[in-house]
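Taken together, the values in this text are just the output of simple stated rules run on the coordinates, not laboratory data. Model, not experiment: these values are computed from the prediction. Every residue, glycine as well, gets a Cβ built from its backbone with ideal geometry; the counts of neighbours run over all protein chains shown.
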Amino acid sequence: MVIENSKEPIQPVILMGASNLARAFPLVVNGLRAGLREPLAVLAAFGHGRSYGLWSQMLGRTLPGIAECGLWAALRKHGPDSLPPLAAVIDIGNDLVYGVTVPQLLAWVDACLDRLAQQRGEIALMSLPLASIERLPPWKFELLRRTYFPMHEIAWPVLYDRVSRFQDEMRLLAKAYGIGLIEPPAAWYGFDPIHMLRRRQPDVWRELFSEWPVWDRSAPIAYPSLRESVRLRALRPAERYVFGYRQTTPQPVLKQDRFTLSMY
C-alpha cells in the first residue's frame, strides 16, 4: 500500500478488537490522527462479538476470525520504506463464551503477537476486564449472556474459571514478548462489566496509545463531529456476510490526504 505524493515513511497502525473498539472507533481514529505523525495507514479488524479465530455472527453479520483475516496480508504489503507498526490489541474474551478453550484462544493471540513482533511492532495489549468481572453476580451474568450471547449457553462458574486461567496465561504471554499488559480497572465499567463507559473511553485509549514511544501524550483525544462519526461507522470491511450473502469491499475504504484506513 502506498500513500501518494509522500516521500516520508508510512506509519502503519494495527487495531484489533471487538465491541469496545467498535463503540469507540470514531474517537480512536480521531485520536490517532491527533497524536501521530502522518502519513498513517490504519489497518483495523474489529466488530461486535468478534472472535480472534472463528467466524463470528452478530445480528445477521458474520466476520472472519482476526487471526485469519486479510489484515495480515495487507500488513505484509508494506515495504521496507514503512516504519515498524504500532498495534493496539484489545477485546480478547468473546471466544471463551463461544466455548473456545483457553489454550486455543491463547494460540490465536500468540500468533497475532508473533506476526507483529516479526515486524518489530510496538504493541499495546489489554487483558480481560477481570477486576470488573469479579464483581459480577450470577443473576447479572445470566442477564448479560442472554442479551449479548443468546446462542451460547455457558454456566457462570465455568466461564469465570476460564477467564481467570486465561488472565494468568496472558500475563505470561506479555512477559514472553517483553510488552506491558494493561489490566483495565473496574472503574472503567458500569452496570455492564465488559463494555467500557463512554466517558472513560478517552482515558482508556490515551493509556493504550501511551504504550507507543512515538505517541504525543499531549494530543487531545475526543470524538469527531457527528457527521464524521456516522461516516466512519458506515465503512465496510474487506469481507463479511450479511444474512448469508457475501460482501466484499476494496481497501482502503478511506483516503484523506496522507491518511488511509483499511478494515478487515
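Residue-by-condition table, conditions (1) touching a strand residue (DSSP E or B) at 6+ places or on another chain (Cβ under 9 Å); (2) farther than 30 Å from TYR245 by Cα; (3) buried (at least 21 other Cβ atoms within 10 Å of the Cβ):
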position: LEU21; (1), (2), (3): yes, no, yes
position: ALA24; (1), (2), (3): yes, no, yes
position: VAL28; (1), (2), (3): yes, no, yes
position: GLY31; (1), (2), (3): no, yes, yes
position: GLU38; (1), (2), (3): yes, yes, no
position: ALA41; (1), (2), (3): yes, no, yes
position: PHE46; (1), (2), (3): yes, no, yes
position: ASP81; (1), (2), (3): no, yes, no
position: ALA88; (1), (2), (3): yes, yes, yes
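When residues in region 43-65 are screened for being in contact with a His (Cβ under 8 Å, 6 or more places away or on another chain) and assigned to a loop (DSSP other than H, G, I, E, B), 1 of them pass. Note on region 157-193: residues that are out of contact with any helix residue (DSSP H, G or I) (no Cβ under 7 Å at 6 or more places or on another chain) and of a type in the set (A, V, I, L, M, F, W, C) total 8. Every condition in (1) small (Gly, Ala, Ser); (2) more than 20 Å from the chain's Cα centre (by Cα); (3) under 20 Å from ALA88 (Cβ atoms) is met by ALA117 except one, and the failing one is (2).
Take TYR189 and tell me if it is out of contact with any His (no Cβ under 6 Å at 6 or more places or on another chain), closer than 22 Å to LEU15 by Cβ and among the aromatic types (Phe, Trp, Tyr). The answer is yes for TYR189.
Residues are listed down the side, and each one gets a yes or a no for (1) aliphatic (A, V, I, L, M); (2) part of a strand (DSSP E or B); (3) in contact with a Pro (Cβ under 7 Å, 6 or more places away or on another chain):
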{"residue": "HIS78", "(1), (2), (3)": "no, no, yes"}
{"residue": "ALA88", "(1), (2), (3)": "yes, yes, no"}
{"residue": "PRO103", "(1), (2), (3)": "no, no, no"}
{"residue": "LEU106", "(1), (2), (3)": "yes, no, no"}
